[in-house]
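Here is the structure we will look at.
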């Protein structure tokens with residue numbers, strides 16, 4: 001099994017995702033949304049209005065999102 005396949009296999013488990021996100025974002029610097037089955041992490045590269053997030057799906061696919069400040073108030 002190649003490295004990418006091993007990573008994706010690990011990222012399909014809760015424990016594997018937590019270990020990976022701990023390394024990338026820091027321990028406890030993300031939240032799990034069980035309704036959507038995704039992990040939500042702050043996007044420190046986001047500049048501009050609102051707050052930026054990185055949303056990681058089970059298995060490793062991800063996307064960025066920005067929420068306006070008034071939604072978060």
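The values are calculated or read from the model by the stated rules, or taken from the named source; none is laboratory data. Because the structure is a prediction, the values reported are computed rather than measured. Here the Cβ positions follow ideal geometry from the backbone for every residue, glycine too, while neighbour counts run over all protein chains shown.
Quickly run through the stretch 51-64 and pick out the residues that are under 26 Å from residue 5 (Cα atoms) and either in a strand (DSSP E or B) or in contact (Cβ under 8 Å) with a residue 40 or more places away in the chain (or both). Talk me through it step by step, then tell me what you get.
Let us first name the residues in the stretch 51-64 that are under 26 Å from residue 5 (Cα atoms), namely 53-64.
Hits for the stretch 51-64 are 53, 54, 55, 56, 57, 58, 59, 60, 62, 63, 64.
Name every residue in the stretch 48-60 that is within 17 Å of residue 35 (Cα to Cα) and modelled with pLDDT under 90, in order of residue number.
58, 59, listed by residue number.
Got at least one residue in the stretch 31-43 being surrounded by fewer than 14 Cβ atoms within 10 Å (Cβ to Cβ), free of Cβ contacts under 8 Å to residues at least 24 places away in the same chain and in contact with a helix residue (DSSP H, G or I) (Cβ under 7 Å, 6 or more places away or on another chain)? Spell out how you get there, then give the answer.
Pass one, the stretch 31-43, residues surrounded by fewer than 14 Cβ atoms within 10 Å (Cβ to Cβ): 31, 33-37.
So of that shortlist, the ones also free of Cβ contacts under 8 Å to residues at least 24 places away in the same chain come out as 31, 33-37.
From the residues that got through so far, the ones that are in contact with a helix residue (DSSP H, G or I) (Cβ under 7 Å, 6 or more places away or on another chain) too are none.
No: the stretch 31-43 contains no residue that is surrounded by fewer than 14 Cβ atoms within 10 Å (Cβ to Cβ), free of Cβ contacts under 8 Å to residues at least 24 places away in the same chain and in contact with a helix residue (DSSP H, G or I) (Cβ under 7 Å, 6 or more places away or on another chain).
Just one of 44, 9 is modelled with pLDDT of 90 or more and on the phi < 0 side of the Ramachandran plot; which is it? So that I can check it myself, show each step before the final result.
Details: 9 fails: modelled with pLDDT of 90 or more.
The match here is 44.
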